[in-house]
Amino acid sequence: MLTPFSVGAPRLRERGGTARDALAAMTELESQHRGGERLHAEIDELVGILPRDGSAEAKELDRLNELVAELTTLYRPHILLEDNFVFPIAAEVLPASEIQALGEESGRLPLGSSAQNFARRA
């Protein structure tokens, strides 16, 4: 699966120094992406079985709310780390042409990903 980590990590790894700090953060971000994928899959599965007529049981709706809360808890600090640490370092160490390439490659990522937004700002 294509992720911001798989797209950007090789470029940062080549740069060394401060980029290595961003790479370490990206390793954590990748782990969080895997957790997010698990939550998204569970949400998709649950939504797929919920009745469409409003007759879902409280237990099912409670579980959906729990999953959405977990995703929010996961992604809030995740996005802050990307936007306030990893992407600024990437902007310092990567030439504009590589940021542009990252944007083109991240165009295959889910719409609205932080990696796409970063590349658009470059």
Report yes if residue 102 is at pLDDT below 75, of a type outside the set (D, E, K, R) and not in a helix (DSSP H, G or I), otherwise no.
no
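Within region 59-84, take every residue that is among the β-branched types (Val, Ile, Thr) and surrounded by fewer than 13 Cβ atoms within 10 Å (Cβ to Cβ) and give me the one that is farthest from the chain's Cα centre (by Cα).
Within region 59-84, the subset among the β-branched types (Val, Ile, Thr) is 68, 72-73, 79.
When the remaining residues are screened for being surrounded by fewer than 13 Cβ atoms within 10 Å (Cβ to Cβ), the result is 68, 72-73.
Numbers: 68: 15, 72: 12, 73: 13 Å.
For region 59-84, the residue satisfying everything is 68.
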Just one of the numbered conditions (1) free of Cβ contacts under 8 Å to residues at least 40 places away in the same chain; (2) under 24 Å from residue 87 (Cα atoms); (3) in contact with a helix residue (DSSP H, G or I) (Cβ under 7 Å, 6 or more places away or on another chain) is not true of residue 27; which one?
(3)
Given (1) in a helix (DSSP H, G or I); (2) modelled with pLDDT of 80 or more; (3) not charged (D, E, K, R), identify the lone condition not met by residue 55.
(1)
Taking region 108-122 and keeping residues within 14 Å of the chain's Cα centre (by Cα) and either at pLDDT 60 or above or surrounded by fewer than 15 Cβ atoms within 10 Å (Cβ to Cβ) (or both) leaves 108, 110, 111, 112
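The values are calculated or read from the model by the stated rules, or taken from the named source; none is laboratory data. Just so we're clear, the structure is a prediction, and the values are computed from it rather than from any experiment. Methodologically, a virtual Cβ is constructed for each residue, glycine included, from the backbone with ideal geometry; neighbour enumeration extends over all protein chains shown.
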